[in-house]
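Comments concern the structure below.
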Amino acid sequence: MNKPASIIIVIMGLIIITGGWYLYSTPRASVPVVPSTPLVLQETAVQAISTASMTASVKYTAKGFTPDPIIIRQGGTVTFESVDGSPMWVASNAHPTHLQYDGTSRTQHCSNIGGVAFDQCASGKTYSFKFLKVGDWNYHNHLNADDGGTITVVR
């Protein structure tokens, strides 16, 4: 091997060794671990649960129910009101059976109204329901099943 080639190889080796030393000796910022649910959403959910109240109001118009969703404490009452005269019959999903909240059909629970079924059982301007079960409860307007929402009941 000739001298100029040997000098180039030695210089390249020194560059590689110096670069490696620099990379391993320089402190690096650690990579943060990203939670599976974004922290902002976790904080929002905790804040929503901690501020859930015992009462809530839902307005119904020809445009649907607002606000949606609602978060309420177990044992809390939600009052639904038709504010523009639009026909309203609030009922637990799924349309037309209304089985979701208490497991009884519309025919079963509307013939024996005991306050345990999340179902208005007839159209009206206002309807209030006390939620005793924790969970997510979807509802709809039985007279216009495309309009609906969700009530989340927390402890």
Output the antiparallel fraction of DSSP beta bridges having both residues in the stretch 39-154, as a percent to the nearest 5. 65 percent
So the label point goes 7 Å from the Cα of Thr79 along Cα→C-beta, right? Which residues of the stretch 123-141 then have their backbone N under 11 Å from it? 126-129
Taking neighbour counts of Cβ atoms within 10 Å as a proxy for exposure, in what order, fewest first, do Lys3, Lys133 appear? Lys3, Lys133
Hey, rough spin-label estimate for Asp68 and Ser105, points 7 angstrom out along Cα→Cβ, what's it come to in nanometres? 2.6 nm
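Bear in mind that the values in this text are calculations on the coordinates, not laboratory data. Quick caveat, the model's predicted, so the values are computed rather than measured. Cβ coordinates were reconstructed from backbone atoms using ideal geometry, including for glycine residues, and neighbour counts include every protein chain displayed.
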